[in-house]
Structure formats: structure tokens, C-alpha cells
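Quick notes on the structure that follows.
The values are calculated or read from the model by the stated rules, or taken from the named source; none is laboratory data. From a predicted model like this one, the values you see are computed outputs, not experimental measurements. Note: ideal-geometry Cβ built from the backbone for every residue, glycine included; neighbour counts use all protein chains shown.
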Amino acid sequence: MSEQKPLLEVENLNVRFHLRTGTVEAVRGVSFSLGRERLGIVGESGSGKSQTGRAILGLTPPPGEVTADRLTFDGIDLLSIPRRQLRNLRGGRMTMVMQDPKYSLNPVMTIGDQMIEAYRAHRRAGRKEAREKSLEMLEAVQMRDPARVFSLYPHEASGGMGQRAMIAMMLVTDPDFLIADEPTSALDVTVQQEVLRILDRLVAERGMGLIFISHDLRLVSSFCDRVLVMYGGKVMEELAAGDLDAARHPYTRGLMNCLPALEGSAHPLPTLERDPAWTQ
Amino acid sequence: MIDIRDLSVVFGSGRLRVEAVKGLSMRIAEGESFGLVGESGSGKSTVLRAICGLAPVSAGTIAVAGKPVPVPRNRAFFATVQMVFQDPYGSLHPRQTVDQILSEPLAIHRLSDRDRRIARALADVGLGSSFRFRYPHQLSGGQRQRVAIARALILDPRVILLDEPTSALDASVQAEILNLLERLRAERRLTYILVSHDLAVVTHLCDRLLVMRNGETVEETDTEHLRAGKAETAYTRALMKATEGFTRAAPASTE
């Protein structure tokens with residue numbers, strides 16, 4: 001499936017922030033390509049994983065500067081197209097699910113109205129059609145009572161409900177490509193599974209490309225097909241998810257080993273030794 | 001060391017009445033590390049807050065070191081029991097230096113020799129003296145949590161209540177904090193109650209644990225039992241499975 005032309009091609013992506021205190025290089029020379037598959041990006045805070053996702057969608061905050069030898073989505077050069085066209089693409093054919101539904105949904109609009117707004121921003125459709133489509137989508141994310149959730153304000157929904165509503169909102173325009181930035185970190189372990197299962201099914205059914213950004217190596221490797229491990233803005237290693245045990249890079253191994261395991265783990269836990277040479 | 005019997009915590013009244021903890025009992029021996037596991041809203045943090053007097057106890061008894069806890073909690077109580085909170089970004093005063101943060105409990109408890117005590121507390125949690133006059137925003141998440149642990153330790157308590165001490169931290173930093181907690185407990189014969197939603201963390205640090213849901217006890221078990229796959233309830237097994245990573249429900253959806 002992924003043998004066709006890749007959906008997304010990233011070559012030598014750099015994100016820099018020119019600050020008073022000097023230049024911060026958040027992402028340094030990241031390259032990968034994505035077909036209709038699930039790619040995981042793993043790293044600790046500050047590894048540049050979220051900035052990579054944001055740069056692809058053109059969401060790098062103002063002082064930031066994005067450069068790349070190549071950044072194309074379905075053959076469209078994302079760095080040179082007009083902002084207006086990029087805005088149409090974003091939210092339409094490529095979307096992003098953020099970490100915390102509490103902060104990323106509009107608190108003064110009902111979930112339903114937000115979904116209608118999202119749909120009508122990208123499709124020529126009446127309110128009625130948008131409403132039907134939204135309800136359908138809420139049902140697809142396994143809301144027990146879509147009509148009720150539709151009329152709720154974000155603060156009236158639980159974390160898991162809010163996150164599912166956000167997934168529904170992001171998928172209502174039938175995108176080809178989705179970035180999920182820590183979509184389950186704010187959720188309970190049990191709810192997490194449910195949300196991931198929904199995401200997994202929708203991605204598989206619709207043949208979407210997915211980038212899943214997380215700090216949880218275990219979770220990512222069990223969910224994705226391939227994993228990129230990032231540290232200090234650089235890709236340390238790229239692995240097939242099943243080959244995690246065969247990881248060679250000391251950073252990947254360190255990340256794996258420092259997690260306590262249910263079956264028992266070393267006392268004390270091995271901690272990560274960081275080698276400054278990795279970021280050279 | 002800690003004996004809780006039929007503890008109930010009720011917030012609000014009438015239509016807004018919420019029973020956060022319903023008739024919970026547990027006994028924790030001195031020097032033991034005990035885990036409380038559950039999802040958000042299960043009442044696990046409320047139990048810790050009730051022990052400290054931060055949540056209203058509506059029924060049941062709490063005894064620490066053989067004596068029922070005083071109401072309101074007095075200084076002697078807090079010299080025995082200290083708490084470390086979840087979010088190191090929220091639990092340290094942003095306008096106080098580490099030195100001021102650590103002086104406060106000493107001032108409240110009228111302890112002398114502050115200089116030496118602060119230096120020792122910092123050294124105990126693996127922070128050098130160079131951290132002493134920094135503000136919280138000049139520290140990383142792991143360093144802040146170390147300061148919060150130092151603040152709890154500075155009074156030489158016998159019991160430390162840990163409310164999700166590592167859930168706001170990166171995996172590698174979590175390992176460092178867990179190692180620190182384990183070392184401190186071994187060195188000082190501390191008693192821990194650790195609240196977490198992560199079974200792997202709890203089984204790493206604790207021998208016995210209690211699974212909670214909706215304010216009720218689901219199961220009281222120990223790490224050995226869980227590792228041998230002898231969880232009694234379906235809920236505990238679901239939690240265990242969730243800890244191990246994502247599993248596809250319908251195998252048909254995988255290629």
C-alpha cells in the first residue's frame with residue numbers, strides 16, 4: 001500500500017527560532033516520507049517532535065523560520081504555496097488533533113457548532129448537510145448519544161468525550177493526512193485505549209496517513225507501523241515498530257529501559273546517559 | 001503505621017452531593033510502600049487529601065502511628081506526614097527561591113540550624129548547592145520535583161504521601177525520580193503511599209496495592225500476585241492490559 005507515491009515527503013526540515021538570546025534550532029535536518037500508514041515520532045520534551053508536526057502544517061509560531069529541501073504533500077510544495085491555499089489544505093485535506101481537548105476546543109461554542117463551522121469552512125454545504133455529517137462523525141467515534149454531545153459545550157464533556165469530539169471534528173472533512181500530537185496523554189489509561197482504537201479504525205478504514213507524536217515509546221511502538229526516534233531536534237533512529245527490541249541507537253535503548261515494566265524491572269531503574277555527540 | 005477504617009468523603013449536599021470515597025479501609029505497616037491505583041475520579045487522590053486534612057472526612061477513622069489524627073491537623077502531625085504533589089509546575093511558589101521554599105517548613109516548625117538542614121535536604125535529593133538560590137522557572141520539571149521532595153523530607157517525616165509524583169515528567173526523568181524515592185525510603189525507613197494511574201510505576205515501587213474505582217475498593221492485591229497474572233477482577237486485568245501498550249480490539253483491522 002505504501003509502495004505508491006508517498007503522501008508526504010520531508011527532506012532536510014529545519015525549524016529555527018531567532019531569539020534575543022540567540023538562535024534555537026528546534027528541528028535539525030529531519031527527513032522522512034509517509035505513505036498511507038501510521039508513523040510514530042517519539043522523543044522527550046524539547047526533542048523537536050511537536051515542532052516537526054507543526055512545521056508540516058505551517059503552524060510554526062511567528063519568530064520561527066522553517067526551511068526544507070523538500071516539503072510536499074501529495075505533490076504540492078507546502079513551503080511555496082500561498083497562505084490562502086495552505087489554509088484550505090489545512091483543516092481540509094490535512095488536519096491535527098491536539099493534546100488537550102480542554103484547551104484546544106472553543107469554550108464558548110457547542111461541540112456541534114464547531115463541527116459545522118469546520119465542515120462548512122472546507123465544503124460548500126448548507127447547515128443541514130453539515131449537521132448530518134457531524135452527527136454521523138460523532139457516531140463514528142462511538143458517542144453513545146451523538147445528538148446530546150452535539151449540543152454540549154466543551155466544559156460539559158469529559159476528557160475522553162472531548163478528545164473523541166475533537167477527533168470527530170478533525171475527520172469530518174475526510175482528510176488524507178492527520179497529525180495526532182500526544183492525543184491521549186491527557187487521558188486515563190483505560191479511556192486512552194478506547195480513543196486509540198477509534199483513531200486506529202478510522203485511519204485504517206479511510207486509508208489515511210497518520211503521524212502520531214508521543215513521548216511514550218511503548219505506546220507508539222504498539223500503535224504505529226514505523227517509529228522515528230528524535231533527540232535534540234534530530235532523528236536518532238528510524239525503526240519498524242516490531243523491531244523495537246532490535247533498536248541499536250543507545251538513546252532508543254535508554255528510552256526503552258528506563259520505563260518500569262509490569263513484569264518487573266531493575267532496581268534501581270537504568271537512567272538515560274545522554275551523549276553530546278548525538279546532537280552534533 | 002497508617003490505619004484507615006470505613007473512610008467516606010462526601011463533597012457538597014443535596015443534588016450536588018458527590019461521594020468521592022465510599023467506605024474504604026486499608027492498613028499500612030511501618031516502612032511499607034503502598035500503592036493506590038485507579039483512573040481519574042476514582043477517589044485515589046481524595047484519600048491522600050483526607051489523610052492530610054485537605055478533604056472532609058464524613059465517616060470512618062484515620063489513625064497514624066496508632067493514634068487517631070487530630071482535627072484540625074497539628075504541627076506534630078505534619079512533622080510525621082508530608083505530601084508530594086503531582087504537578088511540580090504548580091506546587092512550588094513561582095516568586096520564591098528554592099532556599100525560601102525549603103525555609104518555610106523549618107520556620108513553621110521553629111527548627112534551628114536552617115542553613116545546614118537546607119543544604120542537607122538538597123544534597124539528599126541529588127541537587128547541588130548551586131540550585132539553592134534559583135527560582136522554580138530556572139529549573140527543569142525533574143529538578144522541580146526534586147525540590148518538592150526535599151521540601152517534604154526536610155522535616156524528617158516518617159510517612160510521605162505521593163500523589164502522581166512522576167506523571168508530569170518524561171520517561172527518563174521519571175526513572176530518576178523513582179530511583180530517588182526508592183533510595184530515600186531504603187535509607188530512612190520511610191512509609192510511602194503512592195497514588196498513580198500507571199500500574200507499572202506502582203508495581204515498581206510498591207509491594208501491596210489497592211485498585212479503586214468510583215470511590216470504592218475494586219481489589220486489594222500485591223505485586224507478586226499481579227505479576228503471576230492472578231488479578232481477581234476484570235477491571236484490574238483491563239488496567240494491566242492498558243499498561244502494556246495499545247492492543248487492537250478487532251484483529252481484522254490489522255493488515
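One line per residue, one yes/no per condition, for (1) at pLDDT 95 or above; (2) under 28 Å from B:Gly66 (Cβ atoms); (3) of a type outside the set (A, V, I, L, M, F, W, C):
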residue	(1), (2), (3)
B:Leu106	yes, yes, no
B:Val125	no, no, no
B:Leu139	no, no, no
B:Gln143	no, no, yes
B:Asp156	no, yes, yes
B:Glu187	no, yes, yes
B:Ser196	no, yes, yes
B:Val201	no, no, no
B:Asn214	no, no, yes
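Give the residues of segment A:150-195 that are acidic (Asp, Glu), assigned to a loop (DSSP other than H, G, I, E, B) and away from every other protein chain (no Cβ under 14 Å), sorted by residue number.
Kept after step one, since they are acidic (Asp, Glu), are these residues of segment A:150-195: A:156, A:174, A:176, A:181-182, A:188, A:194.
Right, trim to assigned to a loop (DSSP other than H, G, I, E, B) and you get A:174, A:176, A:182, A:188.
Scanning segment A:150-195 gives A:Asp174, A:Asp176.
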Here are some conditions: (1) within 11 Å of another protein chain (Cβ to nearest Cβ); (2) surrounded by fewer than 23 Cβ atoms within 10 Å (Cβ to Cβ); (3) more than 16 Å from the chain's Cα centre (by Cα); (4) modelled with pLDDT of 85 or more. A:Asp225 meets all but one. Which one does it not meet? (3)
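Here is a yes/no grid of residues against (1) surrounded by fewer than 23 Cβ atoms within 10 Å (Cβ to Cβ); (2) within 22 Å of B:Ala50 (Cβ to Cβ):
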{"residue": "B:His137", "(1), (2)": "yes, no"}
{"residue": "B:Gly142", "(1), (2)": "yes, no"}
{"residue": "B:Ala175", "(1), (2)": "no, no"}
{"residue": "B:Leu180", "(1), (2)": "yes, no"}
{"residue": "B:Ala186", "(1), (2)": "yes, no"}
{"residue": "B:Met212", "(1), (2)": "no, yes"}
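Looking only at segment B:229-244, which residues are surrounded by 13 or more Cβ atoms within 10 Å (Cβ to Cβ) and in contact with a helix residue (DSSP H, G or I) (Cβ under 9 Å, 6 or more places away or on another chain)? Working first, answer last.
Of segment B:229-244, the ones surrounded by 13 or more Cβ atoms within 10 Å (Cβ to Cβ) are B:231-233, B:235-244.
Listed by number, the residues that qualify are B:Ala231, B:Glu232, B:Tyr235, B:Thr236, B:Ala238, B:Leu239, B:Met240, B:Lys241, B:Ala242, B:Thr243, B:Glu244.
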State which residue pairs qualify: first residue over 14 Å from A:Val42 (Cα atoms) and inside segment A:197-219, second residue of a type in the set (A, V, I, L, M) and surrounded by fewer than 19 Cβ atoms within 10 Å (Cβ to Cβ) in any location, beta carbons under 6 Å apart, and separation of 6 or more residues or different chains. A:Arg197/B:Ala249
Within segment B:147-185, considering residues that are touching a His at 6+ places or on another chain (Cβ under 8 Å) and not in a helix (DSSP H, G or I), the one nearest to the other protein chains (Cβ to nearest Cβ): B:Asp170
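To keep it simple, each residue is scored yes or no on (1) farther than 29 Å from A:Thr184 by Cα; (2) in contact with a strand residue (DSSP E or B) (Cβ under 7 Å, 6 or more places away or on another chain); (3) surrounded by fewer than 19 Cβ atoms within 10 Å (Cβ to Cβ).
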residue	(1), (2), (3)
B:Met1	yes, yes, no
B:Leu7	yes, yes, no
B:Ala20	no, yes, no
B:Ser42	no, yes, no
B:Pro56	yes, yes, yes
B:Tyr89	no, no, yes
B:Leu92	no, no, no
B:Glu104	yes, no, yes
Condition check for B:Arg248: touching a Lys or Arg at 6+ places or on another chain (Cβ under 9 Å), away from every other protein chain (no Cβ under 13 Å) and free of Cβ contacts under 8 Å to residues at least 40 places away in the same chain: no
Just a yes or no: is a residue in segment A:196-212 outside any helix (DSSP H, G or I), within 11 Å of another protein chain (Cβ to nearest Cβ) and over 20 Å from the mean Cα position of the chain (by Cα)? no
Taking the stated definitions as given, is A:Val195 closer than 27 Å to B:Leu199 by Cβ and buried (at least 19 other Cβ atoms within 10 Å of the Cβ)? yes
The condition from (1) surrounded by fewer than 21 Cβ atoms within 10 Å (Cβ to Cβ); (2) more than 16 Å from B:Val173 (Cα to Cα) that A:Leu259 misses is numbered (2)
What do you reckon, is B:Ala76 small (Gly, Ala, Ser) and in a helix (DSSP H, G or I)? yes
Based on this model, can you work out whether A:Ala266 counts as at negative phi, over 25 Å from the mean Cα position of the chain (by Cα) and part of a helix (DSSP H, G or I)? no
Tell me which residues, restricted to segment B:186-234, are of a type in the set (Gly, Ala, Ser) and within 12 Å of chain A (Cβ to nearest Cβ). B:Ala186, B:Ser196, B:Ala200, B:Ala228, B:Gly229, B:Ala231, B:Ala234
Among the residues of segment B:197-211, is any within 16 Å of the chain's Cα centre (by Cα), assigned to a helix (DSSP H, G or I) and of a type in the set (S, T, N, Q)? yes
Taking the condition of being at pLDDT 90 or above and of a type outside the set (Asp, Glu), how many residues in segment B:12-42 meet it? 16
Scanning for something more than 10 Å from chain B (Cβ to nearest Cβ), free of Cβ contacts under 8 Å to residues at least 12 places away in the same chain and surrounded by fewer than 20 Cβ atoms within 10 Å (Cβ to Cβ), does segment A:264-278 turn up at least one residue? yes
By residue number, the members of segment A:121-137 that are under 24 Å from the mean Cα position of the chain (by Cα), crowded, with 17+ Cβ neighbours inside 10 Å and under 24 Å from A:Arg87 (Cα atoms) are A:His122, A:Lys133, A:Ser134, A:Met137
Tell me, please, whether a residue that is of a type in the set (Phe, Trp, Tyr), surrounded by fewer than 23 Cβ atoms within 10 Å (Cβ to Cβ) and within 14 Å of another protein chain (Cβ to nearest Cβ) can be found in segment A:230-253. no
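For A:Leu244, state whether it is touching a residue at least 60 places away in the same chain (Cβ under 8 Å) and within 24 Å of the chain's Cα centre (by Cα).
Considered against the rule, which asks whether it is touching a residue at least 60 places away in the same chain (Cβ under 8 Å) and within 24 Å of the chain's Cα centre (by Cα), A:Leu244 comes out as no.
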